[in-house]
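Working notes, beginning with the structure itself.
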Amino acid sequence: MATVTVAPGSGFCPGVKRAAELLERELENGAKVFCLGELIHNRPYNESLKARGVRTIDSTQIDEVPPDGVIIIRAHGESEQIYSRLASCGRRVEDGTCGYVRQIHRIVAEHSKDGAECIILGDENHPEVRGIMSFARGGARVFGSAKAALEALAAEQDAAKDRFFVAQTTFSVQEWKFFANNLRKLYTNANIFDTICNITEKRQSQARSLAAAADLVCVVGSPQSSNTAKLLAVCRESCPCTVAVETADGLEQYRELIKKSEKIVIIAGASAPGVIIQEVNKTMANIANEELSFEELLNQSFKTLTTGERVTGTILAVTPAEIKVDLGTKHTGILPYDEISADDNVDMSSFHVGDPIDVVCTKFSDVEGTVLLSKKRLDEARNAEKVAEAAANGEILTGTVKEVVNAGVVMNVSGIRVFVPATQCGREGTDLESLKGKKVSVKILEYNESRKRAVGSIRSAARIERKKRLDDFYSSIEVGQKLKGTVRSITNFGVFVNLGAADGMIHVSEIFWGVPRNPAEVFKIGDEVEVTIKDIDRERERISLGYKTEATNPWNIFNEKFKEGDVANVTIVSIMPFGAFAEIIPGVDGLIHCSQIADKFVQNPGSVLKVGDKVDAKIIAIDPEKQRISLSIRALLAPAEEAPAEEAAPAEETPAE
């Protein structure tokens, strides 16, 4: 009798499990979930999520996510640019990035900040690797194998070049060790970081050991999964009789091989759901030891259905006019196009052969051996319950405005007719025709179960969603936090910046160092700016922002460029009775006292200098505490012509700015 063993720890790794639990929690809470890329590399699992309403998007579709939607970042992680964009997109984001991936991001960002090149071993087309590359300030190269990397590095013969080395978290452990050992022969002090997930290392080692003692190894996972591909390669090294399947259906092609094997091991990749592993285990055991008896097969063929019965079938074929469904009986199910959905337009490309589908039986034909099915009736019943619940608990739903009537508009909300009075369509004066065909949010005010009709409000839904966006936004920000925003308007007293869900204001005093000027000199509408939150007034919905930083402080810039004794070409900006003020750099002025304008004391500075003149002057005194600077033209004249030092007035007599 054959034994079938599932390797301990098979299936979701902690990183994938965490991301999946984040998504499941949002679904349980009724959120509209948008996954940035497929959550894991597993087709059946991703298709099941799609059937439950999860939408997969790419980075170009972030702005299409509705304000009440939640974006899930998968375990593979994203690029640095996408993380920044998500932080300021105004949508709620749940970060499911694996901790090991985050660690690589930090390593790459830190060690490449001075221009060091990052060498990565992994799959350059994998989303994890693309994300890692984005953090490499000094550039990055990816090699798919240790051999390719070592050959390229040896051929370059530039050991002095500043480099460091990392690996994709699911890279082959043995190959990485081979690479690291040989790399040290090329680079004596090679900066190598072992970034392979220790769970990956443990599973590969375990797989190698189990495969060595097995007659047959079955690796469960998606062909697109890097983790699964590495496990498959490891197992084939120890057990030539190693096969790979994505689901239990794939076992049928190996039926004869399974029957001949006595010791079978099932090993699953980190992105294989537990339910699929169990189905493979059960099917494998049945094929190996428990062939169905004739009586069981006969009873299965006599299985019958009745009109009105709900059943789950499997899609056999999809055409523009209908879907054929295997119901496990002698009747073939026919699902006509008109019975697929209550929506006017059905996307037939969303249905695939082999997918499960829930339907209700409507009419049998024993002559043709068929049964007509309806998915629309099931959906309508479910949607009616959903609308009724929404009316009771105030949940916001989404629908399409189908027509404009005298007193308002009619929406289709999941197949249910919802009437929205004109007074509830939006702001006063809203053009109802402009709403036609649009997908909008609506709050269900009342629902008539017998007529399956409802009354809703677009205006209330918009108000609730705006409040939620603001609440979420204000709860996510804090004083001192840096944000990116877009300049929305400019006034004499400051600049208003859109931060996503709300606007903030940069006061003119937070824009300029020294004397305030017109903000329009610095900004224009549409500029993207980085700001710091200075103050938050939630009650008045006001956010004060800071813009200037120590890096732009003119005094700091002056100290970096000049010191006492230096000569600067300065511009005269004002004439005073006691001397002239000259601009050294924008925002920093110095005083040329009457005693320092010429080779002797000048009673009227305006007789020698005028505003706009550019002259060379020596910096003779700097007062860091008071930020005052004394300049001298006289100090640049011939020493013999200089007046006694006691004639010079102290710099602190007058302000420098």
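Summary table below
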{"item": "Whole-number Å³ per residue for the convex hull built on Cα positions in region 477-548", "result": "81 Å³"}
{"item": "Long pairs among Lys50/Lys375; Lys202/Lys230; Lys177/Lys202; Lys375/Lys443; Lys563/Lys610, criterion Cα-Cα beyond 19 Å", "result": "Lys375/Lys443; Lys563/Lys610"}
{"item": "Proximal aspartates and glutamates relative to Lys386, as straight alpha-carbon distance under 15 Å, when same-chain residues fewer than 8 apart are discounted", "result": "Glu28, Glu395, Glu446, Glu449"}
{"item": "Between region 526-559 and region 179-210, the alpha-carbon center distance in angstrom", "result": "46 Å"}
{"item": "Rough spin-label spacing in nm, given labels placed 7 Å along Cα→Cβ, for Ser607 and Glu541", "result": "6.5 nm"}
{"item": "Likely footprinting exposure, Cys239, Cys197, fewest C-beta neighbours within 10 Å first", "result": "Cys239, Cys197"}
{"item": "Local electrostatic count at Phe496 - Lys and Arg +1, Asp and Glu -1, tallied over other residues with Cβ under 9 Å", "result": "0"}
{"item": "FRET efficiency for Gln278 and Asn189, using Cβ-Cβ distance with R0 set to 41 Å, rounded to 0.05", "result": "0.25"}
{"item": "Helix-only CD estimate at 222 nm, as mean residue ellipticity for the chain, using -39500 (n - 2.57) per DSSP H run (n ≥ 4)", "result": "-8500 deg cm²/dmol"}
{"item": "Whole-number Å³ per residue for the convex hull built on Cα positions in region 100-196", "result": "83 Å³"}
{"item": "Rel. contact order, % - alpha carbon contacts under 8 angstrom, at least six apart, region 306-454", "result": "19 percent"}
{"item": "Backbone N under 11 Å from the Met348 label point (7 Å along Cα→Cβ), restricted to region 304-335", "result": "318-324"}
{"item": "Candidate lysines for bridging to Lys484, where Cα separation is under 20 Å - those fewer than 8 sequence places away on the same chain excluded", "result": "Lys524, Lys534, Lys548"}
{"item": "Whole-Å distance, taken between Cα centres, linking region 95-154 and region 392-469", "result": "49 Å"}
{"item": "Cα gyration tensor category, rounded, prolate or oblate, for the chain with a/c compared to 1.5", "result": "oblate"}
{"item": "Square roots of five times the Cα gyration tensor eigenvalues for region 379-465, Å", "result": "20, 13, 11"}
{"item": "Mean-position separation - Cα centroids, region 212-291 and region 581-611, in angstrom", "result": "88 Å"}
{"item": "Order of Met411, Met576, Met505 - criterion: other Cβ atoms within 10 Å of each residue's Cβ, fewest first", "result": "Met576, Met505, Met411"}
{"item": "Loop-located trypsin sites (Lys or Arg not before Pro) in region 143-196, at most 13 other Cβ atoms within 10 Å (DSSP)", "result": "Lys161"}
{"item": "Residues of type lysines that Lys282 reaches as a straight line, Cα spacing below 16 Å, ignoring anything fewer than 8 places off in the same chain", "result": "Lys259, Lys263"}
{"item": "Fully extended contour minus Cα-Cα distance, from Lys147 to Met576, at 0.36 nm per residue", "result": "146.9 nm"}
{"item": "Label-point gap, in nm, between Ile57 and Asn559 - each point 7 angstrom along Cα→Cβ", "result": "4.6 nm"}
{"item": "Residue exposure sequence - His331, His41, His105, His352 - by fewest surrounding Cβ within 10 Å", "result": "His352, His105, His331, His41"}
{"item": "Neighbour-limited loop hits for GluC sites (Glu not before Pro), region 538-599 (at most 11 other Cβ within 10 Å; DSSP other than H, G, I, E, B)", "result": "Glu539, Glu541, Glu564"}
{"item": "Per residue convex hull volume, Cα atoms of region 337-489, in Å³", "result": "205 Å³"}
{"item": "Extension reserve of the Asp114-Gln627 stretch, reckoned as 0.36 nm per residue once the Cα distance is removed", "result": "181.4 nm"}
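Laboratory data are not the source of any read-out in this text; all were calculated from the coordinates shown. Note that the structure is a prediction, hence the values are computed from the model and not measured. We place every Cβ from the backbone using ideal geometry, glycine too, and count neighbours over all the protein chains shown.
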